[in-house]
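Taking it in order: structure first as structure tokens, then the write-up.
The values are calculated or read from the model by the stated rules, or taken from the named source; none is laboratory data. Since the structure is predicted, the reported quantities are computational estimates derived from the model, not experimental observations. Neighbour counts run over all protein chains shown; Cβ positions are idealised from the backbone, glycine included.
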Amino acid sequence: LTAAASALALSVSATAVSAACDDGEIVVKFSHVTNTDKHPKGIAASLLEKRVNEEMDGTMCMEVFPNSTLYDDNKVLEAMLQGDVQLAAPSLSKFEKFTKQFRIFDLPFMFKDINAVEQFQASEAGQDLLDSMQRRGLQGLAYWHNGMKQMSASVPLLEPSDAEGLKFRVQSSDVLVAQMEALGASPQKMAFSEVYGALQQGVVDGQENTWSNIYGKKFFEVQDGVTETDHGIIDYLVVTSVDWLDSLEPEVRDQFLTIVSEVTETRNKESTKVNQDAKQAVIDAGGTVRTLDADQRAKWVEAMKPVWEQFTDDVGQENIDAAQEINA
Ligand code: LMR
């Protein structure tokens, strides 16, 4: 190839929509950061892609980019507002720049399990949150579940004091920073794609995540063990841009949104099982899993729960009360 020909080839591949999409189809790029299999979000995204491409063939064409291959979560929302990507499902912890209301989902021991999270999301307060970023150009379409968070580190973690002085990776959320500080640990915000390397090289000593992420990204291989703390949750907001959604013809939009909501219902029912299977896979792969007795667990609650007070104004006492009522 001459230099001119290869430059042309490059520019063609950069502008071509995709090999898989036909001319005239509305291309939906869906960027996310996790594995595609054995992961609640990965499985849901793949099912959504399959259904859109089968049922909307000729009209719409979805391409999923998993594993941070297109954007990591710290960039994807900006890219969406630029029109470079149409769909994403970042964890609720990643919306801090757009709204502080999602902070309720990061508060430690706020929800006893994913069913409680689901009930809160289905309430009027939860549904209102889907529209809370419209002025910033983002529209929430659905909540997708992952599951309960566990803690891991380079040393055994059985009591909160075991975490003292350790460096922990956290998502980009001030609540999670405060939570780690409450343990006397030192939190470091970091993109998901960088966590494995940071644990391996000792840039950080520990992290918190769900079983499906700990297994999917092999964090357990570079940690002393994982402690089943169930101290918080990771859930996702399937999000798009207001402009893109408005640009769709009404029938196209309706069909797309119906598929999104059916996939949500199907996959959310399976999220707990996917995480339980991932926990078993960690054990089968030789990972160490530690559980807490009632006294130990009470100490983690006592150490972390005071964090709520710092964020009551952001999330609203009435929402905290509603969440606690659901737990009861
Ligand atoms: C994380 O950053 O740890 C998670 O939000 C990744 C994910 O999407 O599950």
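Conditions tested, residue by residue: (1) basic (Lys, Arg); (2) out of contact with any strand residue (DSSP E or B) (no Cβ under 7 Å at 6 or more places or on another chain); (3) farther than 20 Å from residue 319 by Cβ.
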{"site": "145", "(1), (2), (3)": "no, no, no"}
{"site": "150", "(1), (2), (3)": "no, no, yes"}
{"site": "154", "(1), (2), (3)": "no, no, yes"}
{"site": "162", "(1), (2), (3)": "no, yes, yes"}
{"site": "167", "(1), (2), (3)": "yes, no, yes"}
{"site": "171", "(1), (2), (3)": "no, no, yes"}
{"site": "174", "(1), (2), (3)": "no, yes, no"}
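Contact annotation: residue pairs with Cβ atoms under 6 Å, 6 or more positions apart or on different chains, pairing a residue in the range 112-139 that is in contact (Cβ under 8 Å) with a residue 12 or more places away in the chain and under 21 Å from residue 241 (Cβ atoms) with a partner that is part of a helix (DSSP H, G or I) and among the aliphatic types (A, V, I, L, M), are 134/242; 137/81; 137/242; 139/242; 139/245. On the basis of being on the phi < 0 side of the Ramachandran plot and polar (S, T, N, Q), does residue 46 make the cut? Against the criterion (on the phi < 0 side of the Ramachandran plot and polar (S, T, N, Q)), residue 46 qualifies. Restricted to the range 84-111, and to residues there that are out of contact with any helix residue (DSSP H, G or I) (no Cβ under 7 Å at 6 or more places or on another chain) and in a loop (DSSP other than H, G, I, E, B), the residue that is nearest to residue 235 (Cα to Cα) is 99.
Of all residues in the range 17-47, count the ones that are within 16 Å of the ligand (Cβ to nearest atom) and either in contact with a Cys (Cβ under 7 Å, 6 or more places away or on another chain) or among the polar types (S, T, N, Q) (or both). Matching residues across the range 17-47 total 5. Just one of the listed residues (39, 32) is at pLDDT 95 or above and either more than 29 Å from residue 237 (Cβ to Cβ) or touching a Lys or Arg at 6+ places or on another chain (Cβ under 8 Å) (or both), and it is 32.
For the range 112-140, which residues satisfy the criterion of being within 16 Å of the ligand (Cβ to nearest atom) and not in a helix (DSSP H, G or I)?
140
The sole residue among 94, 50, 100 that is modelled with pLDDT of 95 or more, away from the ligand (no atom under 16 Å from the Cβ) and basic (Lys, Arg) is 50.
One line per residue, one yes/no per condition, for (1) modelled with pLDDT under 95; (2) of a type in the set (A, V, I, L, M); (3) surrounded by 15 or more Cβ atoms within 10 Å (Cβ to Cβ); (4) closer than 20 Å to residue 49 by Cα:
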| residue | (1), (2), (3), (4) |
| --- | --- |
| 246 | no, no, no, no |
| 264 | no, no, yes, yes |
| 268 | no, no, yes, yes |
| 284 | no, no, no, no |
| 292 | no, yes, yes, no |
| 296 | no, no, yes, no |
| 312 | no, no, no, no |
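Restricted to the range 177-206, and to residues there that are outside any loop (DSSP other than H, G, I, E, B) and in contact with a helix residue (DSSP H, G or I) (Cβ under 6 Å, 6 or more places away or on another chain), the residue that is farthest from the ligand (Cβ to nearest atom) is 182.
All of (1) assigned to a loop (DSSP other than H, G, I, E, B); (2) touching a residue at least 12 places away in the same chain (Cβ under 8 Å); (3) of a type outside the set (Phe, Trp, Tyr); (4) surrounded by fewer than 15 Cβ atoms within 10 Å (Cβ to Cβ) hold for residue 231 with one exception: (4).
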